[in-house]
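*Asks:* This structure is in structure tokens; I'll ask about it shortly.
The values are calculated or read from the model by the stated rules, or taken from the named source; none is laboratory data. None of the values given here were measured: they were computed from a predicted structure. Because the Cβ atoms are built from the backbone with ideal geometry, glycine has one as well, and the counts that use them run over all protein chains shown. Keep in mind that these areas ignore ligands, DNA and RNA; they rest on the heavy atoms of the full protein, side chains included. Shrake-Rupley method; radii C 1.70, N 1.55, O 1.52, S 1.80 Å.
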Amino acid sequence: MRYTVFVEYRNGATSTPQHSGVKDVAFRNFSDLVADKDLLLTAEACVITSSTGEVLRFDLRTPQPVPNFDEIPWPRRGARKKQKDAKTVSAFIAPPEEDFIKSLGEGSFTRGIRKAVSMLKLLEQQNKLKPLEKMATSQRE
């Protein structure tokens, strides 16, 4: 993820942005800018942005403690959830099973799992398969 740190001045201008792909470096750049006493005379805010949007807007016009690294709401890495009530799970499967699931999903493992579950539910509705809940509980015993 790409982070950008810059200062916004009271006249609307911005400083030269400092770019980094590492949160620690971005935080160090932020800390250096906020510690500059001369900057505080003309600056309005110190801003950290990421490729997903604004991470922090620190108002320099009012005295306040500088946030620690862990107090900044850094964006989470990785893909965002595309389904409202979805959940990430992990499973250990053999390569042939993975290939089969990916082929069902046209190259996407997640789409393949969804398609397999839909197919099982359809078979259950057509009474060609005993109810899935009974299968799941009998496997645990």
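*Asks:* Using the structure shown, decide if G107 is surrounded by 10 or more Cβ atoms within 10 Å (Cβ to Cβ) and over 30 Å from R10 (Cβ atoms). Before the answer, list the steps.
*Replies:* On the way: surrounded by 10 or more Cβ atoms within 10 Å (Cβ to Cβ): no; over 30 Å from R10 (Cβ atoms): yes.
Criteria not met by G107.
*Asks:* Against the conditions (1) touching a Leu at 6+ places or on another chain (Cβ under 6 Å); (2) at pLDDT 80 or above, where does E124 fall short? Just the number, please.
*Replies:* (2)
*Asks:* With respect to P96, determine if the residue is open to solvent by 70 Å² or more (accessible area, probe 1.4 Å) and not acidic (D, E).
*Replies:* Here the answer is yes, as P96 does meet what is asked.
*Asks:* Inspect segment 20-27 for any residue being touching a strand residue (DSSP E or B) at 6+ places or on another chain (Cβ under 9 Å), open to solvent by 30 Å² or more (accessible area, probe 1.4 Å) and farther than 27 Å from R76 by Cα and give the result as yes or no.
*Replies:* The answer is no; no qualifying residue exists.
*Asks:* Search segment 20-49 for residues that are in a helix (DSSP H, G or I) and pair each with any residue that is aromatic (F, W, Y) and surrounded by 13 or more Cβ atoms within 10 Å (Cβ to Cβ) when their beta-carbon atoms are under 6 Å apart and the residues are at least 6 apart or on different chains.
*Replies:* Between residues of segment 20-49 that are in a helix (DSSP H, G or I) and residues that are aromatic (F, W, Y) and surrounded by 13 or more Cβ atoms within 10 Å (Cβ to Cβ), the close pairs are K23/W74; A26/Y3; F27/F69; T42/Y9.
*Asks:* Moving on. Name the single residue that is farthest from F27 (Cα to Cα) among those in segment 50-83 being part of a strand (DSSP E or B) and small (G, A, S).
*Replies:* Taking the candidates together, the pick is G53.
*Asks:* List the number of the failed condition for R80; all other conditions in (1) among the basic types (K, R); (2) touching a helix residue (DSSP H, G or I) at 6+ places or on another chain (Cβ under 6 Å); (3) at pLDDT below 85 hold.
*Replies:* It is condition (2) that R80 fails.
*Asks:* If you don't mind, another one. Does at least one position in segment 2-16 carry a residue that is in contact with a Gly (Cβ under 8 Å, 6 or more places away or on another chain), open to solvent by 50 Å² or more (accessible area, probe 1.4 Å) and part of a loop (DSSP other than H, G, I, E, B)?
*Replies:* Restricting attention to segment 2-16, the residues satisfying the condition of being in contact with a Gly (Cβ under 8 Å, 6 or more places away or on another chain) are 2-3.
Subsequent filtering for residues that are open to solvent by 50 Å² or more (accessible area, probe 1.4 Å) retains 2.
Cutting the leftovers down to part of a loop (DSSP other than H, G, I, E, B) gives us 2.
Yes - at least one qualifying residue is present in segment 2-16.
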